[in-house]
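A.B. asks: Before I ask anything, let me first share the structure, which is written out below as structure tokens.
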Amino acid sequence: MASSARTVEEIFKDYTARRTAILRALTLDVDHFYGLCDPDRENLCLYGHPNESWEVSLPAEEVPAELPEPALGINFARDGMNRKDWLSLVAVHSDSWLISLAFYLAARLNRNERKHLFTMMNDLPTVFEVVTERKPVKDKPSIESESKSQGSTKRSSDGQVKSNPKIADADYEDNEDEHVETLCGSCGGNYNADEFWIGCDVCERWFHGKCVKITPAKAESIKQYKCPSCSMRSGRH
């Protein structure tokens, strides 16, 4: 069985890698993904792979499949729905597949291990939440804007991205949302001071540098950074 010799950490690593791949398909690579889901083709599925790559492909031929399969026929509804609604539907089905796959691999774990695995998974925003830009708490752009107006930069002196004012601003400590962490607008991962981050000057969302292919050196030459989504919108006008 595929779940044998799997630890909580190994399953969670598999889950996050596949999740990152699907998020990339539905955000950064969304136009390419949309084009691949031709309604005239046969039943298609969106796969996220452990190497963080994604693929639109026909389902596995063997029955039953070695692993749980993603939603079948995501391409058929593409032209019959609003684009955002269709992407949201694919995101919901992708969340269901990721969870089912993780718990299939967790079949041999005990109760406490399964609980620990679910807790780690649940600490991440769902694919649906990232794609629809839903936040667990109300946004407070005025705080970020105020911080920027006071001369804060996207990077700290050591080359790392400055943390979101929701975390860093001492005046904000008494707010009920003080423990809310900044989430990457691409992969949905939590802020980590050991990684390079960059903030979009248009939508004010933050991103891992690696997710938007921006290095610290490259960021130094950017006067106003626009994330892929905002750049795409600007190009259409």
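A.B. asks: Scan the stretch 57-79 and tell me whether some residue there is hydroxyl-bearing (Ser, Thr, Tyr) and either surrounded by 16 or more Cβ atoms within 10 Å (Cβ to Cβ) or not in a strand (DSSP E or B) (or both).
C.D. replies: So far as the stretch 57-79 goes, no, none of its residues is hydroxyl-bearing (Ser, Thr, Tyr) and either surrounded by 16 or more Cβ atoms within 10 Å (Cβ to Cβ) or not in a strand (DSSP E or B) (or both).
A.B. asks: A further question follows. Suppose we filter the stretch 80-89 for residues that are assigned to a helix (DSSP H, G or I) and more than 21 Å from the chain's Cα centre (by Cα); how many remain?
C.D. replies: Residues flagged as assigned to a helix (DSSP H, G or I) and more than 21 Å from the chain's Cα centre (by Cα) within the stretch 80-89 amount to 1.
A.B. asks: Let me spell it out: the conditions are (1) within 29 Å of Met232 (Cα to Cα); (2) open to solvent by 20 Å² or more (accessible area, probe 1.4 Å), and Phe103 meets all of them except one. Which number is the exception?
C.D. replies: Condition not satisfied by Phe103: (1).
A.B. asks: Answer yes if at least one residue in the stretch 28-51 is within 15 Å of the chain's Cα centre (by Cα), surrounded by fewer than 18 Cβ atoms within 10 Å (Cβ to Cβ) and of a type in the set (Asp, Glu), and no otherwise.
C.D. replies: Taking every residue of the stretch 28-51 in turn, at least one turns out to be within 15 Å of the chain's Cα centre (by Cα), surrounded by fewer than 18 Cβ atoms within 10 Å (Cβ to Cβ) and of a type in the set (Asp, Glu).
A.B. asks: Considering (1) farther than 19 Å from Glu9 by Cβ; (2) open to solvent by 40 Å² or more (accessible area, probe 1.4 Å); (3) outside any helix (DSSP H, G or I); (4) not aliphatic (A, V, I, L, M), say which one Arg108 fails and leave the rest.
C.D. replies: Every listed condition holds for Arg108 apart from (1).
A.B. asks: Then there is this: Within the group Ser145, Ser152, Ser221, which residue is open to solvent by 20 Å² or more (accessible area, probe 1.4 Å), more than 26 Å from Arg18 (Cα to Cα), at pLDDT below 50 and part of a loop (DSSP other than H, G, I, E, B)? It would help to see each step written out before you state the result.
C.D. replies: Values: Ser145 fails: part of a loop (DSSP other than H, G, I, E, B); Ser221 fails: at pLDDT below 50.
Only one candidate passes the filter, namely Ser152.
A.B. asks: Here's a check for you: in the stretch 111-120, which residue that is open to solvent by 80 Å² or more (accessible area, probe 1.4 Å) and of a type outside the set (Lys, Arg) is nearest to Thr16 (Cα to Cα)?
C.D. replies: Phe118
A.B. asks: While we're here: With Ser53, Ser96, Ser88, Ser100 as the choices, which residue is over 22 Å from Ser186 (Cβ atoms) and polar (S, T, N, Q)?
C.D. replies: On the way: Ser53 fails: over 22 Å from Ser186 (Cβ atoms); Ser96 fails: over 22 Å from Ser186 (Cβ atoms); Ser88 fails: over 22 Å from Ser186 (Cβ atoms).
From the options Ser53, Ser96, Ser88, Ser100, the qualifying one is Ser100.
A.B. asks: Modelled with pLDDT under 50 and open to solvent by 70 Å² or more (accessible area, probe 1.4 Å), is that true of Lys162?
C.D. replies: The answer is yes for Lys162.
A.B. asks: Please go through the stretch 31-44 and pick out each residue that is part of a loop (DSSP other than H, G, I, E, B) and among the aliphatic types (A, V, I, L, M).
C.D. replies: Within the stretch 31-44, Leu44 is the sole residue that qualifies.
A.B. asks: Which condition does Leu28 not pass, out of (1) within 18 Å of Phe128 (Cα to Cα); (2) assigned to a helix (DSSP H, G or I), if it passes all the others?
C.D. replies: Here Leu28 meets the rest and fails (2).
A.B. asks: Name the pairs: first residue in the stretch 1-15 and over 13 Å from Asn110 (Cα atoms) and surrounded by 14 or more Cβ atoms within 10 Å (Cβ to Cβ), second residue at pLDDT 85 or above and not hydrophobic (A, V, I, L, M, F, W, C), Cβ to Cβ under 8 Å, at least 6 apart or on different chains?
C.D. replies: Asp14/Pro50
The values are calculated or read from the model by the stated rules, or taken from the named source; none is laboratory data. Being a predicted model, the structure only gives us computed values, none of them experimental. Positions of Cβ are backbone-derived with ideal geometry, glycine not excepted, and every protein chain shown enters the neighbour counts. These area figures cover heavy atoms from the full protein model, side chains too; ligands, DNA and RNA do not enter into them. Shrake-Rupley method; radii C 1.70, N 1.55, O 1.52, S 1.80 Å.
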